[in-house]
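Read the structure below first, then the notes.
The values are calculated or read from the model by the stated rules, or taken from the named source; none is laboratory data. All values reported here derive from a predicted model rather than from experimental measurement. Note: ideal-geometry Cβ built from the backbone for every residue, glycine included; neighbour counts use all protein chains shown. Quick note on the areas: whole protein, heavy atoms, side chains included, nothing else; ligands and nucleic acids left out. Shrake-Rupley method; radii C 1.70, N 1.55, O 1.52, S 1.80 Å.
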Amino acid sequence: MKYIIPFILFLSISSCKSTNKQANEVVNSSKIIPQNNILTLSSIFNSYKLIQLSGITFTSIQKVEFIDSLLIIKGKAADSELHIFNATGEYIQSIIKTGRGSEETLNIQDFIIDYDKRNVDILCDYGRKIITYSLEKRKIINTTEICSEIFSAQNLQKIDSNRYILYKQCGFTNDKEYKINIYNIQKNFLENGFLPINKKSSEYISFSQYNNLYKNNNNFYFYETFIDTIYQCTSQKIEAYWYFDKQKYTFPQKLLYKGYQGLNEFIDICRNNQYIWGHINVFEYKDMFFSLFNYNKALYLNITNKTNKESTSYTKIYDDLVTNEKLELTQLIQIGNNTKYCFFYIEPFELLEIIDTKKQKNTYAEYREKFQNNCHFIEKLNLDSNSILVLLEKK
């Protein structure tokens, strides 16, 4: 059944070089409603890996990518934000240092892997520069200052050897700016722009997430909170790919654009109304979408089956694979996926606290008998260990 598309945020999809282009009608749609279900991990996944990241201390894992036997991880260390580990989690080296030197960066916004060339493309210096790092040569091989028309991008994807897609959350100039920017790196030129930024509202409706742009099956997609639509992007156009139908829980456009003094005032409105808000971190994995959303003051995990177009939302996770405990959604956090695994992480203090609780309740012996490998892994952890990667594979 097709659903009628309501008025969507950023109704006009404009090109920076031509007249308005309307998105194609959304064929794929799924309904989302708040439900108090508990997700049993084994209902979706049948195998897992635990990886302890060691050899360097860092915090705030934001992104993980695999290439061959290497892990590339974005996380903030003392003097770097991007690191190389082997497949078992042992630190090899950091890719680029934090600083103001010739081969240093002020910060790192995002990175992607060029698997054919075995390069890492790094969006850095608050989204104003792209650095290409060769994994074979273990050095920087190119640095480009992004043209001024695309000031301060947040995410990137690579279309071809000449073009990138760059995503911007907010506007920073007095000129017209776009959320989706087609950037020609060879000519240092903005070729195309889609979804004009509403500069009055962009500051308070921009919720933090790290995967507004993603690649799946060699296609490129864009999603942002309050748009409700995933768009497929090319260098020439964007078109609607999937619509999340929130029905009576859809945040009204009139309320969204009412105008607020800042983020805190807007969050208060979100928490005290009967609408879904802050729908972020949409991950497309095999035949499913995983995402998080807020309703009132609670957090929900939503899983959509792309085949039957049905969605189910959850407020807790029963982890019957690793801890054999019910977990809050803030304890086991998804940060990505590839074609094989969903990537989650959990903090070591959470795992150690779960073990201590089992010991206090006299259930630890039974747990250890059934989950010997997990117990051995957890017992070696320290409170100050890095976050633990949990790789879950679908049945």
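Do you know which residues across region 79-96 are outside any strand (DSSP E or B) and closer than 15 Å to residue 134 by Cα? Spell out how you get there, then give the answer.
Just the residues of region 79-96 that are outside any strand (DSSP E or B), to begin with: 79, 81, 87-89, 95-96.
Those that are outside any strand (DSSP E or B) and closer than 15 Å to residue 134 by Cα: 95, 96.
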Candidates 112, 130, filtered to the one that is more than 27 Å from residue 57 (Cβ to Cβ), open to solvent by less than 30 Å² (accessible area, probe 1.4 Å) and part of a strand (DSSP E or B): 130
Count - residues of region 281-304 that are in contact with a strand residue (DSSP E or B) (Cβ under 6 Å, 6 or more places away or on another chain) and more than 25 Å from residue 50 (Cα to Cα): 4
Scan of region 27-53 for residues that are exposed (fewer than 14 other Cβ atoms within 10 Å of the Cβ) and in contact with a helix residue (DSSP H, G or I) (Cβ under 9 Å, 6 or more places away or on another chain), ordered by number: none
Single unsatisfied condition, residue 200 versus (1) among the basic types (Lys, Arg); (2) touching a strand residue (DSSP E or B) at 6+ places or on another chain (Cβ under 9 Å); (3) not in a strand (DSSP E or B): (2)
Those residues of region 324-380 which are open to solvent by 100 Å² or more (accessible area, probe 1.4 Å), part of a loop (DSSP other than H, G, I, E, B) and farther than 30 Å from residue 297 by Cβ, in sequence order: 339, 362, 380
Total residues in region 63-76, condition at pLDDT 95 or above and either more than 19 Å from residue 344 (Cα to Cα) or among the acidic types (Asp, Glu) (or both): 1
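Could you look through region 257-278, keep only residues that are assigned to a helix (DSSP H, G or I) and modelled with pLDDT under 90, and pick out the one that is nearest to residue 224 (Cα to Cα)? First the steps, then the outcome.
First, pick out the residues of region 257-278 that are assigned to a helix (DSSP H, G or I): 263-271.
Now narrow it down to the ones that are modelled with pLDDT under 90: 263-264.
On the way: 263: 16, 264: 19 Å.
The residue in question is 263.
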Residues within region 236-259 that are open to solvent by 30 Å² or more (accessible area, probe 1.4 Å) and touching a residue at least 60 places away in the same chain (Cβ under 8 Å), tallied: 7
Which numbered condition residue 68 misses (of (1) charged (D, E, K, R); (2) open to solvent by less than 10 Å² (accessible area, probe 1.4 Å); (3) out of contact with any Asp or Glu (no Cβ under 8 Å at 6 or more places or on another chain)): (2)
So residue 317, is it outside any loop (DSSP other than H, G, I, E, B) and under 30 Å from residue 380 (Cα atoms): yes
Any hit, region 152-175, residues being on the phi > 0 side of the Ramachandran plot, open to solvent by 20 Å² or more (accessible area, probe 1.4 Å) and part of a loop (DSSP other than H, G, I, E, B): yes
Residue match in region 295-317 (condition: open to solvent by 10 Å² or more (accessible area, probe 1.4 Å), among the β-branched types (Val, Ile, Thr) and free of Cβ contacts under 8 Å to residues at least 24 places away in the same chain): yes
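If a residue has to be β-branched (Val, Ile, Thr) and either surrounded by fewer than 18 Cβ atoms within 10 Å (Cβ to Cβ) or under 13 Å from residue 280 (Cβ atoms) (or both) to count, how many in region 211-229 make the cut? Walk me through it before giving the result.
Within region 211-229, the first condition is being β-branched (Val, Ile, Thr), and the residues that meet it are 225, 227, 229.
Next, only the ones that are either surrounded by fewer than 18 Cβ atoms within 10 Å (Cβ to Cβ) or under 13 Å from residue 280 (Cβ atoms) (or both) stay: 225, 227.
Number satisfying all stated conditions: 2.
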Contacts under 6 angstrom Cβ, first residue in region 82-104 being in contact (Cβ under 8 Å) with a residue 12 or more places away in the chain and more than 17 Å from residue 60 (Cβ to Cβ), partner assigned to a loop (DSSP other than H, G, I, E, B) and open to solvent by 50 Å² or more (accessible area, probe 1.4 Å), 6 or more apart: 87/69; 90/55; 97/79
Verdict on residue 121 being over 20 Å from the mean Cα position of the chain (by Cα) and of a type in the set (Asp, Glu): no
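Evaluate the following for residue 333: is it among the aliphatic types (A, V, I, L, M) and touching a residue at least 60 places away in the same chain (Cβ under 8 Å)?
Working: among the aliphatic types (A, V, I, L, M): yes; touching a residue at least 60 places away in the same chain (Cβ under 8 Å): no.
For residue 333, the condition - among the aliphatic types (A, V, I, L, M) and touching a residue at least 60 places away in the same chain (Cβ under 8 Å) - is not met.
Listed here are the residues, each with its yes/no results for (1) assigned to a loop (DSSP other than H, G, I, E, B); (2) modelled with pLDDT of 95 or more; (3) touching a Phe, Trp or Tyr at 6+ places or on another chain (Cβ under 9 Å).
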residue: 254; (1), (2), (3): no, no, no
residue: 284; (1), (2), (3): no, yes, yes
residue: 292; (1), (2), (3): no, yes, yes
residue: 303; (1), (2), (3): no, yes, yes
residue: 308; (1), (2), (3): yes, yes, no
residue: 322; (1), (2), (3): yes, yes, yes
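Taking the condition of being touching a helix residue (DSSP H, G or I) at 6+ places or on another chain (Cβ under 6 Å) and without any contact (Cβ under 8 Å) to a residue 40 or more places away in the chain, how many residues in region 356-383 meet it? Give the derivation first.
Quick first cut of region 356-383, residues touching a helix residue (DSSP H, G or I) at 6+ places or on another chain (Cβ under 6 Å) only: 358, 364, 367-368, 375, 378, 381, 383.
Now drop any that are not without any contact (Cβ under 8 Å) to a residue 40 or more places away in the chain, which leaves 358, 364, 368, 375, 378, 383.
Result for region 356-383: 6.
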Single condition residue 208 does not satisfy, out of (1) over 25 Å from residue 336 (Cβ atoms); (2) open to solvent by 20 Å² or more (accessible area, probe 1.4 Å); (3) modelled with pLDDT under 95: (1)
